[in-house]
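The next block holds one structure in the form of C-alpha cells; read it before the comments.
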Amino acid sequence: MQAINLPEFTPLLKNSGQRKYIFDSFRKKFVTLTPEEWVRQHWLHFLVNFKAVPKGGVGVEVALKYNEMSKRADIVVFNKSQKPALIVECKATHIELSEQTCMQIAHYNAVFKARFLIVSNGIQHFLFEVDFDANDYKRLTELPDYGAW
C-alpha cells in the first residue's frame with residue numbers, strides 16, 4: 001500500500017487468493033485491505049498511540065441516519081461522558097479532498113454533534129473544531145490530546 005502522512009505501524013496482514021486483508025483490532029476481525037481501510041487503520045493507530053485515545057472509546061463504521069438514509073461514519077471517538085467528540089472521515093489516497101468531502105462529515109455531524117472533525121485521504125488532512133454557539137468551524141493545525149477534550 002502507498003505510504004501516507006501518518007506514523008507508520010506494523011499491521012497484521014494476510015492474503016487469501018487475490019485479496020489482501022488487514023486485522024482491525026477494534027472490530028476484532030480481518031477486513032478487506034482497501035486504500036480507504038489503509039487510511040482508517042493508520043488513523044486508529046495514531047489516535048490510540050499518539051493522542052491517548054482509549055481504545056474502548058472508539059467506534060469504527062458507526063451507523064447513523066441522515067435524511068432518512070443509512071450511513072456509516074468511519075471513526076467516531078467518544079469522550080469520557082460517552083458523547084461523540086471526534087469524527088474521522090477516511091478517503092483513499094487518490095481521492096482529492098474538496099468542499100464536497102468536507103460536507104459529508106458536516107452532514108454526519110448534524111447527527112453526532114462532535115467537537116472535532118477530520119477529513120483525510122492519508123496524504124492530506126483537514127481538521128476542524130466546531131463552535132456550536134457561533135454555528136461555525138475553525139480550521140486547526142493539530143488535534144489536541146484526548147485528555148484536553
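The values are calculated or read from the model by the stated rules, or taken from the named source; none is laboratory data. Just so it is clear, the structure is predicted and the values come from calculations on it, not from any experiment. FYI the Cβ positions are ideal-geometry reconstructions off the backbone, even for glycines, and counts take in every protein chain you see. When the accessible area is computed, the model is the full protein with side chains, heavy atoms only, and any ligands, DNA or RNA have been set aside. Shrake-Rupley method; radii C 1.70, N 1.55, O 1.52, S 1.80 Å.
Values for this structure:
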item	result
Selected residue (criterion: surrounded by the most Cβ atoms within 10 Å (Cβ to Cβ)) from residues of the stretch 123-149 that are among the charged types (D, E, K, R), part of a loop (DSSP other than H, G, I, E, B) and without any contact (Cβ under 8 Å) to a residue 60 or more places away in the chain	142
Subset of the stretch 1-21 that is more than 19 Å from the chain's Cα centre (by Cα) and of a type in the set (A, V, I, L, M, F, W, C) - its residue that is farthest from residue 51 (Cα to Cα)	13
Residue match in the stretch 97-110 (condition: modelled with pLDDT of 95 or more, farther than 20 Å from residue 34 by Cβ, open to solvent by 70 Å² or more (accessible area, probe 1.4 Å) and of a type outside the set (S, T, N, Q))	no
Any pair with Cβ under 8 angstrom, 6 or more apart, that starts in the stretch 5-16 at a residue that is free of Cβ contacts under 8 Å to residues at least 40 places away in the same chain and closer than 16 Å to residue 35 by Cβ and ends at one that is aliphatic (A, V, I, L, M) and not in a loop (DSSP other than H, G, I, E, B)	11/22; 13/22
Filtered residue count, the stretch 26-51, keeping only those that are touching a Lys or Arg at 6+ places or on another chain (Cβ under 8 Å), closer than 28 Å to residue 145 by Cα and not aliphatic (A, V, I, L, M)	2
Number of positions in the stretch 27-57 that are in contact with a helix residue (DSSP H, G or I) (Cβ under 7 Å, 6 or more places away or on another chain) and either open to solvent by 20 Å² or more (accessible area, probe 1.4 Å) or within 23 Å of residue 14 (Cα to Cα) (or both)	4
Residue 128 being within 18 Å of residue 82 (Cα to Cα) and either modelled with pLDDT of 90 or more or among the charged types (D, E, K, R) (or both)	no
Every residue from the stretch 64-95 that is open to solvent by 30 Å² or more (accessible area, probe 1.4 Å), of a type in the set (Gly, Ala, Ser) and either within 22 Å of residue 38 (Cβ to Cβ) or at pLDDT 90 or above (or both)	81
